[in-house]
Structure formats: C-alpha cells, structure tokens
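I have placed the structure first, in the form of structure tokens, so that the comments after it can refer back to it.
Coordinate-derived values only; no laboratory data. All of these numbers come straight from a predicted model, not from anything done at the bench. Cβ sites come from the backbone with ideal geometry, for glycine too, and all protein chains shown count toward neighbours.
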Amino acid sequence: MSIKKFFRQVHYWGALACAIPLLIVIATGVLLLLKKDVAWIQPPTVKAENGAPTLTFEQILTAVNTVPEANMATWKDIDRLDVRPNKGVIKARLKNSWEVQLNPQNGEVVSVAYRRSDIIESIHDGTFFHKQAKLGLFLPAAIILLVLWITGIYLFIITEKGKYNARKKQRVRLQAAS
C-alpha cells in the first residue's frame, strides 16, 4: 500500500472516529467565544461602586439567601465568590448554576441570573458526560484531528506537486511541438 493510499484511509476512518466529539467541541467552543456577548450564556457583570468591599462573609451569605432562585442556606451551596473591586461587584456563583451579583459596599443584590457558561464548558471538555470522557474520548479525538491535519497537509502538497509537474510536462510538450 502506498503512503498516499494509507493516508487517505487514515483520513477516511479518522474523520469518522472524531466527528461527534469534534462537532461537540466546535459547537460549544462557538458558544464559549460568545459568552461575554450573550447574556443567555453568561450574565453580564453589573458595575456598582468602585472600591474595596466593606461586606463581611456573613453579610454576603445573608444577601445571597434573600434571593429565592439561590435556593440555599449555607456556604456549602456556594461554588465560589468572585470579588472585583475595580468593577464594584461581588459575584456569588452557586452550585445550582445561579449567579448573584452584589454591591460590595452595601450588599444590595444588583443582578440574579442563571449561568450556563460552566455547563457549556463541561460539555466542551467532555467532563459533563463522564470524568473519564475528557481523557478517554476527547483527547484521542484531538490527537486524531492532529493526525488528520498532518496527513491532509501531506496529501495537499503531493497533489499540488503532481499538478505542477503535469503542467510543466505539458509546457515542455507544447514547446517541443512548436
């Protein structure tokens, strides 16, 4: 079997093997690229008063507990706090994917929204399906895609080289005939 035929077979079967993971990565990648521009994916940051936060952790917990969508009672329900003094906001990201933004000076709730970007990111890297999908499915698909790219470049170069040589032979024949 020639190298060209082997690479075509690799292309044929490799494209089939990585088609679904690649489609998932591309679709979720597009959404993640737009997350700062589309509020449905990630809530926009609401700017409040700039400066150092004056709230205590207990005041933050109390303020977040006033939000019905938060559906929480303890710190175990909060995934993380994002404190941004320059933007004048404290974001409480909850384990149930809701985000509560607070004014860091007075604890006023300035925004409550469902945050989809984390779910989209877990689909993007495969961990949404299973913890091992990231390394067992998406990493091999990425490696196969790299092989497809390399073999595709090789096939492109040899095809173009063949076309160039054929045109060159045609020119030589035309010159010899005239």
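Here Q9 and S122 are evaluated by their C-beta separation; at R0 = 35 Å the FRET efficiency comes out at 0.55. By the rule of a C-alpha distance below 14 Å, with chain neighbours fewer than 8 residues away ignored, the aspartates and glutamates paired with K36 are D118, E121. Over all pairs of different C-alpha atoms, the chain has a mean inverse distance whose reciprocal, the Kirkwood radius, equals 20.7 Å.
Axis angle, to the nearest 10 degrees, between helix 3-17 and the longest C-alpha principal axis of the chain: 30 degrees. Straight Cα distances below 20 angstrom link K134 to none of the lysines, with same-chain residues fewer than 8 positions distant left out. Which links in K91/K131; K4/K169; K5/K131 stretch past 32 Å when you go from one Cα to the other? In this structure, K5/K131 lie more than 32 Å apart at Cα. Note down the relative contact order for segment 43-115 as a percent, whole number, built from C-alpha pairs under 8 angstrom at least six residues apart. Computed value for segment 43-115: 36 percent relative contact order. Approximating the spin labels as points 7 Å out from Cα along Cα→Cβ, the R167-to-L135 distance works out to 5.0 nm.
Can you tell me the 0 to 90 degree angle between the C-alpha axis of helix 19-33 and the longest principal axis of the chain, rounded to 10? So the helix axis and the longest Cα principal axis differ by about 50 degrees.
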